[in-house]
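Okay, so here's the structure we're looking at.
The values are calculated or read from the model by the stated rules, or taken from the named source; none is laboratory data. Bear in mind the structure is a predicted one, so any value in this text is a computation, not a measurement. Cβ coordinates were reconstructed from backbone atoms using ideal geometry, including for glycine residues, and neighbour counts include every protein chain displayed. The area values use the complete protein model at the heavy-atom level, side chains included, leaving out ligands, DNA and RNA. Shrake-Rupley method; radii C 1.70, N 1.55, O 1.52, S 1.80 Å.
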Amino acid sequence: MLGAMLYAPGDVRVEERADPTIERATDAVIRLAATCVCGTDLWSYRGIQAVDGPTPIGHEYVGVVEEVGSDVRDIKPGQFVVGSFFASDNTCEICRSGYQTSCPHREPVGALGAQAQRLRVPLADGTLVATPEPPPADLVPSLLAASDVLGTGWFGAVAAQAGPGRTVAVVGDGAVGLLGVLAAKQLGADRIIAMSRHASRQKLAIEYGATDIVTERGDDGVAMVKELTDGLGAHSVIEAVGTHESMMQAIRATRPGGHVGYVGVAHGVELSGTELFFSHVHLHGGPAPVRRFLPEMIDLIVTRTIDPGRVFDLTLPLDEAAEGYRAMDERRAIKTLLRP
């Protein structure tokens, strides 16, 4: 089969890889209908996160089940499925509490390389969720978004306690930030402030439910959020970038007693204990437990209540994955969908 490999920073190649097989009785093998490039993949692509030789890449996926192991009971060949970027058993105490990405038996799907034609998914019964019926082609991008960026934006909104009567600010205008806007709207937030400098992303943020746009960053962005909130700051802030600047912007834009949901993968973030102590701001986040939200998100998508697939503004065949990375790295694309 064809699959993407990251050789070194800036060096993505699509080449022949071995077809996946059932290795454990809890595995499933799926034929991918779509996969994509994630903003998280860019950390390695840019050399910010170490690249250890040629490695499979990609962790977002939807497709049709081809084969299952002997212990798989719920997932069946022929089903169209959506999975999370971490495999989990979904039965342990941690999973049952809603934190499947911290399952003691979790496995990173990215290590298996989902930017490919086929994928082995460990712990299939706990990881995969089948759609009610095979989806029409136009719903596949939205279902793919549910595999990570929608679920991550949703968790950011939930962690920030977005809801009725609350003003939500979103730091970051990538796919996760934009879908954090969508999630905040679905959760009933009264006011949503999207922080973005890019016209196309601002437009989509407004269509997803943003009521205000702030173009400033850092302390200037914080000042604008406070100006919009009578000097108090937002009740809820979604941090969807993962840098020190974005985290401090999120914390400082939050009012005392407010909540920050941080879902950007942290790189170089250092917090002042004294500033945090006197801020009275709640922090909650981490790798999004996408599996917790998949059933609800799939239902909203198949009933056409939400359309998260619009964050994919570039679609390429799998063998052009390198261009998909370049386009996102150069901010020519919000998110690249790859067709195997």
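A compact table of results
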read-out	value
Residues that are at pLDDT 95 or above, open to solvent by less than 70 Å² (accessible area, probe 1.4 Å) and either more than 24 Å from GLU216 (Cα to Cα) or not in a loop (DSSP other than H, G, I, E, B) (or both), drawn from segment 263-283	LEU283
Failed condition for VAL302, given (1) touching a Leu at 6+ places or on another chain (Cβ under 7 Å); (2) over 16 Å from ALA146 (Cα atoms); (3) of a type outside the set (S, T, N, Q)	(2)
Those residues of segment 330-340 which are closer than 25 Å to GLU16 by Cβ and over 15 Å from the mean Cα position of the chain (by Cα), in sequence order	LEU338, ARG339, PRO340
Residue that is nearest to LEU2 (Cα to Cα), among those in segment 98-157 that are over 18 Å from the mean Cα position of the chain (by Cα) and of a type in the set (Gly, Ala, Ser)	ALA116
Residue tally, condition within 21 Å of ARG339 (Cβ to Cβ) and open to solvent by 20 Å² or more (accessible area, probe 1.4 Å), over segment 19-39	5
Pick from segment 160-184, criterion open to solvent by 10 Å² or more (accessible area, probe 1.4 Å) and under 20 Å from GLY233 (Cβ atoms), ranking: farthest from the chain's Cα centre (by Cα)	GLY165
Index of the failed condition, ASP11 passing every other in (1) touching a strand residue (DSSP E or B) at 6+ places or on another chain (Cβ under 8 Å); (2) surrounded by fewer than 16 Cβ atoms within 10 Å (Cβ to Cβ); (3) closer than 22 Å to LEU314 by Cα	(1)
Subset of segment 241-261 (residues that are closer than 15 Å to THR167 by Cα and either touching a helix residue (DSSP H, G or I) at 6+ places or on another chain (Cβ under 7 Å) or in a strand (DSSP E or B) (or both))	ILE251, ARG252, ALA253, THR254, ARG255, PRO256, GLY257, GLY258, HIS259, VAL260, GLY261
GLY110, sole failed condition from (1) under 22 Å from THR35 (Cβ atoms); (2) touching a Gly at 6+ places or on another chain (Cβ under 9 Å); (3) at pLDDT 95 or above	(3)
Near pairs, Cβ below 7 angstrom, 6+ apart or cross-chain, from segment 278-301 (under 24 Å from THR40 (Cα atoms)) to any residue that is in a loop (DSSP other than H, G, I, E, B) and among the charged types (D, E, K, R)	VAL290/ASP148
Search result, residues across segment 291-311 that are in a helix (DSSP H, G or I), open to solvent by 70 Å² or more (accessible area, probe 1.4 Å) and closer than 27 Å to HIS198 by Cβ	ARG310
Residue under evaluation ALA288, criteria (1) in a loop (DSSP other than H, G, I, E, B); (2) within 22 Å of GLY156 (Cα to Cα); (3) open to solvent by 20 Å² or more (accessible area, probe 1.4 Å), criterion not met	(3)
Residue within segment 115-129 that is over 30 Å from PRO54 (Cα atoms) and of a type in the set (A, V, I, L, M, F, W, C) present	yes
Criterion: closer than 13 Å to SER147 by Cβ and in contact with a Lys or Arg (Cβ under 6 Å, 6 or more places away or on another chain) - qualifying residue of PHE293, PHE312	PHE312
In segment 248-273, residue nearest to ASP173 (Cα to Cα) [restricted to those that are of a type in the set (S, T, N, Q) and touching a residue at least 12 places away in the same chain (Cβ under 8 Å)]	GLN249
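Results for (1) within 19 Å of the chain's Cα centre (by Cα); (2) among the charged types (D, E, K, R), shown as yes or no for each residue.
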position: PRO287; (1), (2): yes, no
position: PRO295; (1), (2): yes, no
position: ARG304; (1), (2): no, yes
position: ARG310; (1), (2): yes, yes
position: THR315; (1), (2): yes, no
position: GLU320; (1), (2): no, yes
